[in-house]
Every structure is written in structure tokens, then in C-alpha cells.
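This report refers to the structure that appears directly beneath it.
None of the figures in this text is laboratory data; all of them are computed from the coordinates on show. Predicted, not measured: the structure shown is a model, and the values here were computed from it. Cβ coordinates were reconstructed from backbone atoms using ideal geometry, including for glycine residues, and neighbour counts include every protein chain displayed.
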């Protein structure tokens with residue numbers, strides 16, 4: 001009995017072209033994420049597609065690379081070699097984190113389980129990387145105890161920023177679905193705003209770990225990134241509050257109009 005013909009898997013170049021066509025807008029994003037992480041993730045997504053990997057498997061590889069890097073950062077001596085190894089692993093983990101979503105789009109769409117897994121890994125990652133810095137500062141650097149507050153503050157700000165970003169977006173989608181409202185037209189911020197986001201980009205932190213062998217330089221650069229992230233998070237929390245108040249006003253107005 002003849003078998004039905006199977007559709008051949010697109011080649012690497014075709015997969016890359018398809019991924020470029022489905023790429024999100026680059027306007028307004030942090031420069032590292034747009035110009036380094038997405039293109040690198042695109043290559044990894046195309047390779048994963050050729051290898052027959054699923055998005056969840058790519059997420060697992062991302063977690064493996066990231067948390068092995070975190071382990072080296074926390075436990076290994078603070079040398080140049082350790083910094084290079086950690087930076088490579090964290091950059092790879094971040095690129096694979098981009099690749100899993102791109103692979104899902106290439107395969108025709110992701111799953112709720114995949115989205116849950118991706119966000120769960122991310123929520124853990126954004127905290128433990130800074131706790132690993134705290135550990136290595138305590139074990140391997142000759143610093144006053146007060147300096148340990150820097151990675152603690154960085155961990156808190158990163159967690160609040162990640163959770164707030166996800167939650168406000170979820171609340172907006174739920175409100176639009178409840179009120180049957182169309183999605184608003186997105187306006188991308190300009191290049192200057194994107195540059196202001198650069199110090200808060202996780203990829204910049206990944207690259208900064210290469211300086212681990214130069215203790216004073218690493219502490220200085222990391223502290224600047226921490227201050228920038230804390231300041232940005234405080235500002236964006238104020239904006240999120242305004243956004244949520246606007247959503248509440250929409251719901252109240254809808255209920256008032258429905259009661260008439």
C-alpha cells in the first residue's frame with residue numbers, strides 16, 4: 001500500500017528566512033536584545049528546527065546552560081577564566097531563551113505549557129543569577145559586608161520588574177477580553193528610550209560577567225547596572241499603576257453603561 005508523501009523539512013536558509021519574516025518589531029527594545037540576542041536566537045532556532053527539537057526542549061537547554069553558568073559563577077574562583085566561561089554559558093542560555101519562542105512560531109505556534117515553562121525558568125533565572133553574584137562576592141572577593149546589599153537589591157528589582165511586566169500585560173489582555181475591546185495600537189518608543197533601557201537588559205549583565213577576573217572593575221560595572229535597574233523599575237512601577245488604574249476605569253465605565 002503506498003504511503004502518503006511527507007512534506008520535506010525546510011532547509012536552514014529557508015527556516016532563517018521564515019523566522020525573519022515572523023520577527024517581532026525591533027523598535028523600542030533594548031539594543032542588546034534586538035541586535036545580538038534575537039539574531040543569535042534565530043540561528044539557534046533554525047538549527048533546532050533542523051534537528052527536530054521542540055520548543056520545550058530548547059527551553060530545557062536554555063535552563064541547562066544558564067544554571068550551569070550560575071553554578072560556576074557562585075562556586076568557582078573569581079578569575080578571568082571563570083568569567084569567560086560564565087559569560088559564554090549565560091549568553092548561550094539567553095539566546096536559547098529567545099530561540100524557543102522563535103522555534104514555536106516556526107512550527108506554527110506554541111502551547112500554554114511551553115509558555116508556562118518558559119516564564120517559570122525566566123522567573124527563577126532573573127533572581128538566582130544575582131544570588132550567585134552575592135555568593136561569589138562573599139566567598140571570593142574582599143569586600144565589606146555592606147556591598148552584599150547590591151546583588152540583593154538587583155535580585156529584588158529584577159524579580160519585581162519581571163513579575164510586573166507579565167502581570168500588567170495579563171491584566172490588560174483579560175480586561176480587553178472581558179469588555180470585548182480590540183487590542184490598542186502599539187506605539188514604539190524612540191531610540192533614546194531604547195538606549196536608556198540598555199543597562200537594564202539581562203544580556204548586558206551576561207556580558208559584564210566576563211570582567212569577573214578584574215574584581216574592582218566587575219564590582220563597579222555590576223553596581224552601575226544594579227542602580228540603573230532599581231531606578232528603572234521604580235519608574236516603570238509608577239507607570240504600571242497608572243495603566244492598571246486606567247483598566248479599572250474602563251471596567252467601571254463599562255458596568256455603568258451596561259446598567260443604564
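The listed peptides 251-258, 218-225, 124-131, 91-98, ordered by packing as a protection proxy, come out as 91-98, 124-131, 218-225, 251-258 (highest mean of other Cβ atoms within 10 Å first). Between residue 183 and residue 159, the FRET efficiency estimated from the beta carbon spacing at R0 = 30 angstrom works out to 0.65.
With the simple spin-label model, which puts each label point 7 Å out from Cα in the Cβ direction, the residue 242 to residue 144 separation comes to 3.8 nm. The packing ranking of peptides 168-176, 138-146, 54-62, highest mean first, is 54-62, 168-176, 138-146, where packing means the average number of other beta carbon atoms within 10 angstrom of each residue. Contact order, relative form, for segment 77-230: 43 percent (alpha carbon pairs under 8 Å, 6 or more residues apart, mean separation divided by residue count).
For segment 98-142 versus segment 221-245, the spacing of their alpha-carbon centroids is 20 Å.
Residue ranges 208-214, 240-246, 226-232 sort as 208-214, 226-232, 240-246 when ordered by packing (mean number of other C-beta atoms within 10 Å per residue, highest first).
Counting 0.36 nm for each residue step from residue 131 to residue 81 and taking away their Cα separation leaves a gain of 16.0 nm.
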